[in-house]
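Notes for the one structure printed next.
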Amino acid sequence: MENLIALLVGAPLLGAAVLLCGGRRLDKVGHWVGTLLAAASFAIGLALFADMLGKSADDRALHQRLYTWIPVEGFQADIAFQLDQLSMTFVLLISGVGTLIHVYSIGYMEHDERRRRFFGYLNLFVAAMLLLVLADNYLLLYFGWEGVGLASYLLIGFWQHKPSAATAAKKAFLVNRVGDMGLSIAIMIMFTTFGTFTFGPVLAATGEASEGTLTAIGLMLLLAACGKSAQVPLQSWLGDAMEGPTPVSALIHAATMVTAGVYLIVRSADIFNAAPDAQTVVVVVGAVTLLFGAIVGCAKDDIKKALAGSTMSQIGYMILAAGLGPIGYVFAIMHLVTHGFFKAGLFLGAGSVMHGMNDEVDMRRYGGLRKYMPVTFVTFGLGYLAIIGFPGLSGFFSKDMIIEAAFAKGGTQGWILGSVTLLGAAITAYYMTRVMLMTFFGEKRWQADAEGHEPHPHESPKSMTIPMILLAFGSVFAGGIFGVGDRFVHWLEPVTGYAHGHPPISAAAVTSATVAVMVIGVGLAYLQYGRRPVPVVAPRGSLLTRAARRDLLQDDFNHAVFVRGGTHLTRSLVYVDHSLVDGVVNGTAASVGGLSGRLRKLQNGYARSYAVSMFGGTAVLIAATLLMRAV
Amino acid sequence: MSAELAAYATSGGEAFQFWVLGTVAVAGALGTILMRRAVHSALCLAGTMIILAVFYLANGAYFLGIVQIVVYTGAIMMLFLFVVMLVGVTAADSLKETLKGQRWWAAACGLGFGILLAGGIGNASLTEFVGLGAANSAHGGNVEGLAALIFTKYVFAFEMTGALLITAAVGAMVLTHRERTERARTQRELAEQRVREGKHVPPLPAPGVYARHNAVDIPGLLPDGTPSELTVMQTLRKRGQVRDVSAEALADLKALEQRSEERLGRDRDEEEATR
Amino acid sequence: MSEINAGFPLLTVTAAVPAVGAILTAAVPAARRTAAKWLALLVSLATLVLAAVVFVRFEPGGDRYQLTESHAWIKDFGVRYELGVDGIGVALIALTALLIPFIVLAGWHDADPLETSSKRWRPTQGFFALILMVEAMVILSFEATDVFLFYVLFEAMLIPMYFLIGGFGDRAHAGSDENAAAQRSYAAVKFLLYNLVGGLIMLAAVIGLYVVAGNFSLTEIAEARANGTLDMATNTERLLFLGFFFAFAVKAPLWPLHTWLPNAMGEATAPVAVLITAVVDKVGTFAMLRFCLGLFPEASQWATPAIIVLALISIVYGALVAVGQRDIKRLVAYASISHFGFIVLGIFAMTSQGQSGATLYMVNHGISTAALMLVAGFLISRRGSRLIADYGGVQKVAPVLAGTFLIGGLATLSLPGLAPFVSEFLVLVGTYARYPVAGVIATTGIVLAALYTLVLYQRTMTGPVKEEVRSLPDLRARELAVAVPLIAVLIFLGVFPKPLTDVVNPAVRHTMSDVQQTDPQPAIQTVEAAK
Amino acid sequence: MNPVNYLYLAALLFTIGAAGVLIRRNAIVVFMCVELMLNACNLAFVAFSRMHGNLDGQIIAFFTMVVAAAEVVVGLAIIVSVFRARHSASVDDASLMKL
């Protein structure tokens, strides 16, 4: 069975290669090829999953070693895969949701002349993402890590003719690169400490390493995770990334790629377990991002950006959970999977709305769409209920577990984290209700666009609605399937380890509190957006609202410090290079030239003058000869 | 001057000869560089060379001594004189230096060089003194000895110098030869050209031969009494050997005028007196 | 190797084929320009075949220097015509032989006579002959194991390069023809002077080496140094080392001796720019490995801290200045300066990973820069401008061109899966193992590399289509024949660098033993590391 | 008397000749000074020949004379042709050897 692992990556990779090199001949069938190969990957994943279920819990990990990638003295990097329960979870999520989004894209991208290439990029993404989660060493993981970054770059900037899209793509890649720097430094530290960077030996040897080293590795891994998962302080790219086509936002910037940071931390559990300081930082980053994203999500009028804020916030939950240690790892992954379903569903719903609304993204110009798009409304609604943690739906289970675990951290820390997660839950309910109300309820507020086209809201084609329906199923039931009877805990425990957390108050109390804050959030939103008509032009709003609309001024900070500062730095360096470094050389040349000019005057053209110097030279030579003989 | 003498001894006679002739040689050398006229320089140089020839003989280099006189003094110096005559008789060289500091540098370098050279000679351990007796008599004489060397050890160099001489001769011919690039113009054409240019349409004026002197170096005088350069041949003009008689002529003219003035003045006075 | 290989003089032939080809190409009659081009292409392909034979005949497990040849040259000074290749040389010969056909193909029309001014006819034959001549000299310099022979080649290759830069400038320039000619001759003279000064100092060091060692043979001197029969005073060794290093640092080029490169690359045609940075400059870094470390191990270690600082400055400074460039080719030039910083860093980190990485980096940088620069050259020749601001939205009108350009750019920023990643990561790991702070600083280079590459791509390829680029044609067959194989090699070496590392590893082992260094051992012995 | 005196005399004549070359402007006189220097050398050669007791020195002096003759022929020819072209035999007038 283990020989199939390579095929998981290989199938979509083949698709990418064929579609990107194939040329125009494949324009007609390209999307089918892409979808088919993604589905093939999913099918192989299912087969491996079935095989894995048949084995005992401790014996489920599969390994496949293809060949030595970089064989250098003392440095062996293999192309080798490891498929254990954690990877399997991701494989199914990536290839499953990936396939659905491929199907969705067939309809969504129907009128785009570059659809073939879009599918090529999607396949490339799936391949890279699978490589990321299947790698058995950090370097190969890094390969996948950068590979998804590339795919993300290509897909965000898919509509390159829009300068905003091109800028967003570049920004995403650059911010990610800062994170990648962390990952590569982490690998370097591992290599110098352990002499290897394969998961098995490194994680097994963490007990012997000093805590300082492990903290350094942990913090560097966290930096990587922050970049990829859009956590504070590297979160700024995610909102802009919504410039990409909506299926991309659903697949990459909601369900899969942005959760890679969580995977990285959970995969490196042993390192973090042995480095409490690093864990603390992880928790703080998660908590801050969780609030940050939620607040931003409340203020955005662009439906996709609102959802992007939500994604950031939900990943904050996951990172926070991952930072809690063994009591949280499993729930981080569980929330990741359920979030994958409902957030992908929400994005696809948003895409469906845009599809029917002439690509309008401003929610203030929606309103009352439930009558026009019933399927979208229902699936979006189910996703909405799942994300706010409506009891019984998948988000309820996973989020509740995280909140419990946060309280179970113990001490003051536990109380603070618990409160933050509860507050986050309330805000989540608030902004999601806002999105729901502004989009599907109330009066219709749409207007003709600049070219005078009045939007005619209509339901999307089958190829788009079916994936939405399937994802809605996932949003509703996944939590129950995983959560009831701790099935997910038992599934992942052999890989991540698990310790049951004991919150200082009873689990039931936590659950009730969760539900209560959710109701409060919904209620507030209803008061603000359900009872009153939504103004088409955004009101000025409070200081906080205005700041949140600008991503809490984080972009402004980046712009002022890094972009402007960087521009000044490079300009001044260019000047230095031209005037100083080159100037020294040119100055030397000029002074030599000047000296020569003066010396040239000795060449007056008079033969007798030359004869004097010749004669004098001879005299000097004779003197030198005599002196040398005398010495 | 026997072979013995040349070989070993520095007899009193030779010493006397050295000091006397040496002084003259140095004087000749100095004359060469200090005389204003090239001809004088050449003559001084010839004198020095003859003295050097004597010294060669004194040193037992009989063949060289003769060659020095015959070839150097006789042929080469005559060549010099020819060329001096051709070009250089343009009167005296001005000995005024035009290059800044040239004299000083030359003096300093010359002095330094001389001192160094003398120092070098003094430094060298030249106490041994073999003499040429054996070498000269080995082949039966100086000339035979030289011949034996030239045609054996130095035969290659000898051949080379032969080639060099031929090349030099050809080179000199090439350098001095003037290729006529156009047909020589006829007298008619020359006359036409003169007319076209409008200068000296008639033949050049004759020198003042018939006026008062019978020599070609005296220019004819223009009506106002100034001498006309044109009337004297070019070579004499170049050499500066034009005998300027204008002052004399002008003085004569003045005197004449004076006289006529006086006479006329007297007449006028008389006239006034009569009136 | 003192014994003379009686077999076929493969190395000489490999270098002689392009040399003879150069003469033949130059001799093609004026009117038969196309014939000269085909001849040059065929010769370069023949050289590639020979280089492949060298690559195959080289046994990674065998002697250090193989395929050796040795003949007396100048007996009075002990100068010998002594050739031999180690793994590093083999890899670089392969790189050179691989790139030249593409350079020839890419420069197919660069030296055609201008239609507008028939007076200024540029000798096509000369252009291709000079390229082949450079190839011959570079290959021979990778083979030379005699210091004097190497020096002669090191200097001699300046001559054809000078004419290539000064005589065949980029037709895309801003401003008048005279201005362009002035710029070009400035660049050519600057190139020449910089390298001559370096070479002059090296000459002094070469003579000094002869005075100290009594011969010029790399192998003999290294052997004598190793077994203690040749003892150099510490200061002598350091001075000689500095003499050699200076020349190589100019060639490489290392900050602050780099300013000739942007001028030369900016003014030369794109293929010649590739020739400069991808082929000729590699002689500098190669020589650091072979001569600086091989002849002066102790002085190398003495100078390491300073050199590492310079290399770090090169990395960061080159990248930052690249960001601020307005000219596509100058941008690539500054990017190359940054990359040369990485190579020097890897060499002087004195670890197996660093040196293997540096060697691979030389090869990979050559290929990736060739891919990026040649495609950039195709773009520039279409629009007739080197200024980034003159482009925009090219992706829309010429997607294949944009795609190949992007892949070249991604290779420049060391994306995993493309060859440069392997080498860059090895250099970083190797550096970190000995100098953690330097490793971390160098890592910032990967962010900056992304910055300048993506800014370049964004400004030229994306956004609304500019009016002037609306009618640009996409890549033609000849241009595809240049871009596609290079990209294929980049991908192949990115996922399977083993053929290259197999030859390089033993050579690095030798170099490490030359400098008497061992890799720092990991603090903790893990299961895998033990096995 | 020590024959070394001949050498001193040769040195003196040579120096005078050299000084003449530097001071005089008339090409012909300059040329004469060169001849003087050559003759001084010849004197030294002859004196050496006597000191060492072999004829090689005289041979060299002989060759010097031959070469001097060749030189004079060509040199004077040059002077003549220069004079023809420039109507001057001053070495200072031919000062075109400068940038």
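The values are calculated or read from the model by the stated rules, or taken from the named source; none is laboratory data. Keep in mind that this is a model prediction, so the values were computed, not measured. Please note: Cβ atoms are built from the backbone with ideal geometry, for glycine as well, and neighbour counts cover all protein chains shown.
Checked against the criterion of being surrounded by 24 or more Cβ atoms within 10 Å (Cβ to Cβ) and either more than 16 Å from the chain's Cα centre (by Cα) or in a helix (DSSP H, G or I) (or both), the candidates C:309, C:316, C:363 yield just one match: C:363. Whether any residue in the stretch C:344-359 is closer than 30 Å to residue C:110 by Cβ and at pLDDT 90 or above is what I want to check. For the stretch C:344-359, residues closer than 30 Å to residue C:110 by Cβ and at pLDDT 90 or above: absent. Output yes when any residue across the stretch B:170-192 is more than 30 Å from residue B:84 (Cα to Cα), modelled with pLDDT under 90, surrounded by 12 or more Cβ atoms within 10 Å (Cβ to Cβ) and out of contact with any helix residue (DSSP H, G or I) (no Cβ under 9 Å at 6 or more places or on another chain), and no when none is. Yes, the stretch B:170-192 has at least one match.
Take residue D:27 and tell me if it is small (Gly, Ala, Ser), more than 7 Å from every other protein chain (Cβ to nearest Cβ), closer than 30 Å to residue B:115 by Cβ and in contact (Cβ under 8 Å) with a residue 60 or more places away in the chain. So residue D:27 passes the test. Annotation: residue A:152 fulfils all but one of (1) hydroxyl-bearing (Ser, Thr, Tyr); (2) more than 9 Å from chain C (Cβ to nearest Cβ); (3) without any contact (Cβ under 8 Å) to a residue 40 or more places away in the chain; the unmet one is (3).
Among the candidates A:275, A:287, A:306, A:294, the residue that is surrounded by 24 or more Cβ atoms within 10 Å (Cβ to Cβ), more than 23 Å from residue A:134 (Cβ to Cβ), hydrophobic (A, V, I, L, M, F, W, C) and out of contact with any Leu (no Cβ under 9 Å at 6 or more places or on another chain) is uniquely A:306. Take residue B:18 and tell me if it is more than 20 Å from residue D:13 (Cβ to Cβ), assigned to a helix (DSSP H, G or I) and at pLDDT 90 or above. Criteria not met by residue B:18. Selection of the stretch C:54-103 for residues being farther than 19 Å from residue C:370 by Cβ, part of a helix (DSSP H, G or I) and aromatic (Phe, Trp, Tyr) yields only C:77.
Of the residues making up the stretch A:274-319, those that are touching a Gly at 6+ places or on another chain (Cβ under 7 Å) and of a type in the set (D, E, K, R) number 2. Residues in the stretch C:138-172 that are over 17 Å from residue C:198 (Cα atoms), without any contact (Cβ under 8 Å) to a residue 24 or more places away in the chain and of a type in the set (A, V, I, L, M, F, W, C): there are none.
One residue alone among C:304, C:277, C:285, C:269 is under 19 Å from the mean Cα position of the chain (by Cα), more than 21 Å from residue C:414 (Cβ to Cβ) and of a type in the set (Ser, Thr, Tyr), and that residue is C:269.
For the stretch A:601-622, filtering for residues that are surrounded by 12 or more Cβ atoms within 10 Å (Cβ to Cβ) and among the basic types (Lys, Arg) leaves 1. When residue A:168 is tested against (1) of a type in the set (Gly, Ala, Ser); (2) facing chain C (nearest Cβ under 7 Å); (3) in contact (Cβ under 8 Å) with a residue 40 or more places away in the chain, just one condition goes unmet, and that condition is (2). Any chance the stretch A:564-581 includes a residue that's surrounded by 17 or more Cβ atoms within 10 Å (Cβ to Cβ), among the acidic types (Asp, Glu), away from chain D (no Cβ under 14 Å) and not in a loop (DSSP other than H, G, I, E, B)? Within the stretch A:564-581, one or more residues are surrounded by 17 or more Cβ atoms within 10 Å (Cβ to Cβ), among the acidic types (Asp, Glu), away from chain D (no Cβ under 14 Å) and not in a loop (DSSP other than H, G, I, E, B).
Would you confirm, using the coordinates I've provided, whether residue C:422 is modelled with pLDDT of 90 or more and within 9 Å of chain A (Cβ to nearest Cβ)? The answer is yes for residue C:422.
Residue D:59 satisfies every condition listed in (1) free of Cβ contacts under 8 Å to residues at least 60 places away in the same chain; (2) more than 16 Å from the chain's Cα centre (by Cα); (3) more than 7 Å from every other protein chain (Cβ to nearest Cβ) except (3). Residue-level analysis places residue C:197 among those that are surrounded by fewer than 17 Cβ atoms within 10 Å (Cβ to Cβ), at pLDDT 85 or above and more than 21 Å from residue C:511 (Cβ to Cβ). Inspection of the stretch A:31-40 identifies no residue that is under 25 Å from residue A:263 (Cα atoms) and among the hydroxyl-bearing types (Ser, Thr, Tyr). For the stretch A:334-378, taking the residues that are within 25 Å of the chain's Cα centre (by Cα) and of a type in the set (Val, Ile, Thr), the one that is surrounded by the most Cβ atoms within 10 Å (Cβ to Cβ) is identified as A:338.
Condition check for residue A:161 on (1) away from chain C (no Cβ under 11 Å); (2) surrounded by fewer than 22 Cβ atoms within 10 Å (Cβ to Cβ): one failure, at (1). Going through the stretch B:124-161 one residue at a time, which ones are surrounded by fewer than 16 Cβ atoms within 10 Å (Cβ to Cβ), more than 7 Å from chain D (Cβ to nearest Cβ) and in a helix (DSSP H, G or I)? Within the stretch B:124-161, B:137, B:138, B:143, B:144, B:147, B:148, B:155, B:156, B:159, B:160 qualify. All conditions but one from (1) at the interface with another protein chain (Cβ under 7 Å from one of its Cβ atoms); (2) closer than 24 Å to residue B:124 by Cα; (3) surrounded by 24 or more Cβ atoms within 10 Å (Cβ to Cβ); (4) in contact (Cβ under 8 Å) with a residue 12 or more places away in the chain apply to residue D:51; the one that does not is (3). In the stretch A:1-27, the residues that are under 21 Å from residue A:61 (Cα atoms) reach residues that are among the polar types (S, T, N, Q) and crowded, with 23+ Cβ neighbours inside 10 Å with C-beta atoms within less than 6 angstrom, at least six apart or across chains, in these pairs: A:8/A:41. Of all residues assigned to the stretch D:82-92, at least one qualifies as being in contact with a strand residue (DSSP E or B) (Cβ under 9 Å, 6 or more places away or on another chain) and more than 7 Å from chain B (Cβ to nearest Cβ). Between A:217, A:189, the distinction of being facing chain C (nearest Cβ under 8 Å) and under 24 Å from the mean Cα position of the chain (by Cα) belongs to A:189 only.
Given the condition modelled with pLDDT under 85, among the polar types (S, T, N, Q) and not in a loop (DSSP other than H, G, I, E, B), answer yes or no: does some residue in the stretch B:212-219 qualify? No, every residue in the stretch B:212-219 fails to be modelled with pLDDT under 85, among the polar types (S, T, N, Q) and not in a loop (DSSP other than H, G, I, E, B). Against the test of being within 30 Å of residue A:559 (Cα to Cα) and among the polar types (S, T, N, Q), the options A:572, A:591, A:596 yield a single qualifying residue, A:572. Among the residues here, residue C:386 qualifies as among the charged types (D, E, K, R), over 25 Å from residue C:196 (Cα atoms) and in contact with a helix residue (DSSP H, G or I) (Cβ under 6 Å, 6 or more places away or on another chain).
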